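Structure first, commentary second.
What follows is calculated from the coordinates using simple rules that are stated; it is not laboratory data. Owing to the predicted nature of the structure, the values given are computational and were not obtained by experimental measurement. Neighbour counts are summed over all protein chains in view; Cβ atoms, including those assigned to glycine, are modelled from backbone coordinates with ideal geometry.
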Amino acid sequence: MPRTARAAMGGVIYHVLNRGNGRMRIFRKPGDYLSFVELLITAKQHASMEVFGFSLMPNHWHLVVRPRGDNDLAAYLSWAANTHVKRYRAHYPQTSGHLYQGRYKSFPVQCSGYFMTLLRYIEANPLRAKLVKHAEDWPWSSLGCDKRLTAELLSPWPVNRPGNWRRLVNAPLATPERDQLAASLKRGRPFGEDTWIRAVIEKMGLEYTINPRGRPKKKENTE
């Protein structure tokens with residue numbers, strides 16, 4: 001029997017994301033975005049959580065976080081998402097069906113250059129979507145958000161932030177970095193160096209993220 005993934009471990013950095021059901025808009029106006037950022041701040045009262053970065057897009061969101069305890073990731077995101085759904089339904093009562101496509105997805109991330117690559121990818125989302133001309137112009141990401149809000153929400157980075165960070169975010173990622181990120185998003189695979197990935201997969205029971213999908217082919221009977 002294949003091993004199942006264990007609960008998210010504390011002390012590990014995670015890339016977390018969720019999308020609207022059927023890619024529906026989950027943020028329709030500035031007040032919706034602001035309310036969600038405030039929810040992320042309030043959710044820190046329900047779990048011990050470090051938030052390093054975020055990007056809220058019209059139909060999905062990304063977070064980079066580090067829970068301190070093994071149950072904190074689930075506690076933090078469950079409270080934030082459930083409260084968001086309740087408030088959304090109260091504000092838009094004509095909406096039917098599920099708001100989110102399902103449970104949030106989370107991927108371990110190595111605390112190194114891979115951490116910064118992920119932050120570059122997340123904070124450049126509005127730029128790639130052509131919502132702004134410069135990534136820092138989007139007010140609903142950790143790069144462009146109001147400083148009062150980010151001061152309440154964000155924790156100091158576990159690595160030194162480059163002085164030319166804005167320029168790096170606005171520059172395209174190199175193809176190898178982009179391809180590895182795409183593989184992480186597609187399979188839920190940890191994002192980091194190969195040796196680190198293998199160690200994390202073994203420790204957290206994430207073998208399914210690297211095993212071939214589908215049933216193995218049956219061997220032909222040649223007797």
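Table for the structure above
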quantity: Karplus 3J(HN,Hα) series, Hz, for region 101-113 with 6.51 cos²θ - 1.76 cosθ + 1.60 (x for Gly, Pro); calculated: 6, x, 5, 4, 10, 9, 10, x, 10, 6, 7, 6, x
quantity: GLU50 long-range amide H proximity, modeled H, under 5 Å; calculated: ARG66, ARG68
quantity: Amide H within-cut-off set for TRP61, under 5 Å, with H built and near neighbours excluded; calculated: ASN18
quantity: Relative contact order of region 13-209, pairs being alpha-carbon contacts under 8 Å that are 6 or more residues apart, as %; calculated: 25 percent
quantity: From phi via Karplus (6.51, -1.76, 1.60), per-residue ³J(HN,Hα) for region 140-154 in Hz, x at Gly/Pro; calculated: 10, 9, 5, 7, x, 5, 3, 5, 5, 5, 5, 5, 7, 8, 8
quantity: Residue-by-residue Karplus 3J(HN,Hα) for region 174-179, coefficients 6.51, -1.76, 1.60, Hz, glycine and proline x; calculated: 5, 4, x, 5, 5, 5
quantity: Counted charge near HIS91, where neighbours are those whose Cβ lies closer than 12 Å (Asp, Glu -1; Lys, Arg +1); calculated: +4
quantity: Gyration tensor (Cα) of the chain, equivalent ellipsoid semi-axes in angstrom; calculated: 30, 22, 18
quantity: Largest to smallest principal axis extent of the C-alpha atoms in region 51-183, angstrom; calculated: 44, 37, 34
